[in-house]
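The values are calculated or read from the model by the stated rules, or taken from the named source; none is laboratory data. Quantities reported herein were computed from a predicted structural model and do not represent experimental measurements. SASA here: full protein model, heavy atoms, side chains in, ligands and nucleic acids out. Shrake-Rupley method; radii C 1.70, N 1.55, O 1.52, S 1.80 Å.
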Amino acid sequence: MLKENRRPWPRRPNLTPLRVFCAVLATGALALLCAVAYMEAHFRLAPETVEGYAGAAGPLAFTLRINTFRRDDLLRGALEHYSRCANVEEITVVWSDQARSPPDASGWSLAPEPRARVEFERHAADRLSNRFRPLKAPPTEAILSLDDDVLLDCRSLDRARDAWESAKSSLVGFSPRLHTWDPAQRRFTYRSWWYVYWTGRYSIMLTKCAFLHRDLLHRFHELPSDLVDFVDEQRNCEDILMVSLSPSLSANLC
């Protein structure tokens, strides 16, 4: 009688907890690399040239308020870049440095007229809340609040400005964050940008790069003085105060 020639079953791999953890970690790292590569390919800063635009700001015009402090190299790069954006009607540099005068920008490569006007807004005290304290009425409803180290291509700003037009009481920007409730510590926890992109949820829009209505600038300083003083003392949390003001503007704009 012939014996049936059967192949032995392969041995089951020894899946220790350490091996499982390493496999999951490697899979997560690969997914993160793929996500980074996708963002690099689709959200890279596009080259801009003066020749690509003509004329003054159009119906989607906005005022750009740049907050800066002793980083003239970053400020110069920001002004040279954003002065070439077609819909920027005015650039206001929030200058809160009482020890130094604003730099002479006459030798910088700013876009020629009729491009955006560039003005330095000199404040008497060094306060973080100055970024929301215009010394004269902004020429446009739409305000782009910006830090000097943020560079975005003009087309992305135009798309965000267009989105803001449909919800003027909201903050529309590029730096979302999330706060969640921690039951163990019984307090809210502030989540960083990677958590937002991983979950697809956010509850706070940072004003380091966000469109907002000019009326919110004045309403910010109508808040109780102890709240604004806390922001200035801690040099933080101005985003949370501004987000809390946003719903109060809805009734007036509807």
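Using a 1.4 angstrom probe on heavy atoms only, work out the carbon and sulfur share of the accessible area of the stretch 122-202 in %. On the stretch 122-202, the fraction of accessible area on carbon and sulfur atoms equals 53 percent. Taking every C-alpha pair closer than 8 Å and separated by at least 6 residues, the mean separation divided by the residue count of the stretch 63-177 gives a relative contact order of 34 percent.
Multiplying the residue separation of ALA163 and LEU151 by 0.36 nm and removing their Cα-Cα distance gives an extension gain of 2.4 nm. From the alpha carbon centroid of the stretch 217-246 to that of the stretch 91-148 is 20 Å.
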